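Below is one structure, written out as structure tokens, with a few remarks after it.
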Amino acid sequence: MAEAATKLPVKSEKNAPAAPRSDNWMGPFESLRREVDRLFDDFHPFDFRLPSTRSLFGRDLPALRSDAWSVAPAMDLVEKSNGFEITAELPGIDEKNVDIKLTNRVLTIKGEKNEEKEEKEKDYYLSERRYGSFQRSFQLPEGVDADKIDASFTKGVLTVKLPKTPEAQKAEKKIAVKAA
């Protein structure tokens, strides 16, 4: 049974302050450094917790470190002949908690997750809460038709389509690689 995609609005703000110019040549390197730092922060090859010390009244305790949204989720950006496509896996988030805005050719995707779990038994009571938010911003490349951006959310996967203008599609040129 196929689940229908839910359309998400892309809000466009016309009178917002201008986005800061990124004439600084270090911009892409700074972004790469942050991504590498994020990868090392998330990499924990050894788990030193002993199972017997992580229980209370015979119940396993939750880990102290929460993996839920410690950083922004990874997003894939793919260029196709007719446009660009951004996809992100956002498990546990409802489409009503995803916000997409376009301001001065900067597309910002925000999301928030709130999760509560409660168990009541005769001899114990367990209550857990997880919450977090993320925000990712993308500078739109030249040739994107900002008025035709479309976003959908299906089974926890956000897809944002950024169509190219007809002029940008015609301007593509294939360059042959010659052997030396």
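The values are calculated or read from the model by the stated rules, or taken from the named source; none is laboratory data. None of the values given here were measured: they were computed from a predicted structure. Don't worry about glycine lacking a Cβ; one is built from the backbone with ideal geometry, like all the others, and counts go over all protein chains shown. In case anyone asks, the SASA skips ligands and DNA or RNA and just uses the protein heavy atoms, side chains included. Shrake-Rupley method; radii C 1.70, N 1.55, O 1.52, S 1.80 Å.
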Report summary line: Checked against (1) among the acidic types (Asp, Glu); (2) in contact (Cβ under 8 Å) with a residue 40 or more places away in the chain; (3) farther than 23 Å from residue 7 by Cα; (4) in a strand (DSSP E or B), residue 85 satisfies every condition except (3)
Report summary line: For region 137-154, the count of residues that are in contact with a Lys or Arg (Cβ under 7 Å, 6 or more places away or on another chain) and open to solvent by 100 Å² or more (accessible area, probe 1.4 Å) equals 1
Query raised in the report: For region 155-180, what are the residues that are hydroxyl-bearing (Ser, Thr, Tyr) and either open to solvent by 100 Å² or more (accessible area, probe 1.4 Å) or within 24 Å of the chain's Cα centre (by Cα) (or both)?
Result: 159
Query - Selection count where residues are part of a strand (DSSP E or B) and among the acidic types (Asp, Glu), scope region 99-152 - result: 8
**Report entry** Pick from region 87-101, criterion touching an Asp or Glu at 6+ places or on another chain (Cβ under 7 Å) and surrounded by 14 or more Cβ atoms within 10 Å (Cβ to Cβ), ranking: farthest from residue 76 (Cα to Cα)
**Finding:** 97
Report summary line: When region 121-136 is checked residue by residue, the ones that are under 16 Å from residue 100 (Cβ atoms) and either in contact with a Leu (Cβ under 7 Å, 6 or more places away or on another chain) or open to solvent by less than 40 Å² (accessible area, probe 1.4 Å) (or both) are 134
Query raised in the report: Out of curiosity, is residue 118 in contact with a Phe, Trp or Tyr (Cβ under 9 Å, 6 or more places away or on another chain), farther than 16 Å from residue 8 by Cβ and open to solvent by 60 Å² or more (accessible area, probe 1.4 Å)?
Result: yes
